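Structure, as structure tokens:
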Amino acid sequence: RTYEDFYGYWPKQTDNPFSEVLGRTRKFVVSRTMTEAPWENSVLLKDVGDVEGIEEGLTVLGSGVLVRELMRRDLVDEWLLMVHPVVLGTGRRLFDGVEAGLRLVESVVTTTGVVIATYRRGEA
């Protein structure tokens, strides 16, 4: 769903430089239901296991389901989590049902109050 949401929005934002960056960035889309990924520079992967053959660093936007599956398969070396100062009350846990085993290696607080925390695999 994240891909469809991004594809439905960002290519139309012609006055936003981020749209151009997203357009030219190579995108790997993991989906069991999609038959094509029409956004330029998109590669459709039918199984999470197909990610193992990708040697370049990847960024996951959205999809807690995908993130948890990548963790289960031990395919995540580093996490960059952006925590926004918003209280929702309820929601899904990012690492629900998966042993994280992460150690904090860096943290920065932005002027808007967003905490950017970098974690790597390994014991805390």
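Here, each number is a calculation from the coordinates, and none is a lab measurement. On a predicted model such as this, the values are computed, not experimentally measured, just so you know. Cβ: placed from backbone, ideal geometry, glycine included. Neighbour counts: every protein chain shown.
From the residues S42, G53, G91, which one has its Cα farthest along the dipole of the chain in the positive direction, the dipole being from +1 and -1 charges on Cβ of Lys/Arg and Asp/Glu about the Cα centre? The residue sitting most towards the positive pole is G91. Say a paramagnetic label sat at a point 7 Å from the Cα of E99, along Cα to Cβ; which residues of segment 62-76 have their backbone N under 20 Å from it? Within reach of a label on E99, which here means backbone N under 20 Å from a point 7 Å along Cα→Cβ, segment 62-76 contributes 67-76. Only helices enter this figure: runs of n ≥ 4 DSSP H residues, each worth -39500 (n - 2.57), summed and divided by the residues of the chain, yield -5500 deg cm²/dmol at 222 nm to the nearest 500.
Once both labels are positioned 7 Å from their Cα atoms along Cα-to-Cβ, the gap between E56 and T2 label points is 1.7 nm. Other residues lying with their Cβ under 15 Å from the Cβ of R92 contribute a combined charge of +1, Lys and Arg counting +1, Asp and Glu -1. Length available on full extension from L88 to N16: 0.36 nm per residue minus the Cα-Cα distance, which gives 23.1 nm.
When log10 I(q)/I(0) by the Debye sum over Cα atoms at q = 0.12, 0.13, 0.14, 0.20 Å⁻¹ is computed from the coordinates, the matching label among (i) -0.48, -0.56, -0.65, -1.20; (ii) -0.55, -0.63, -0.71, -1.16; (iii) -0.56, -0.66, -0.77, -1.38 is (iii).
Taking amide H as placed 1.01 Å from N in the peptide plane, the amide H of V30 sits under 5 Å from that of L45, each at least 5 places away or on another chain.
A full extension of the chain between R32 and E106 corresponds to an added length of 23.1 nm, given 0.36 nm per residue minus the alpha carbon distance.
Centre-to-centre separation between the Cα atoms of segment 97-124 and those of segment 26-61: 25 Å.
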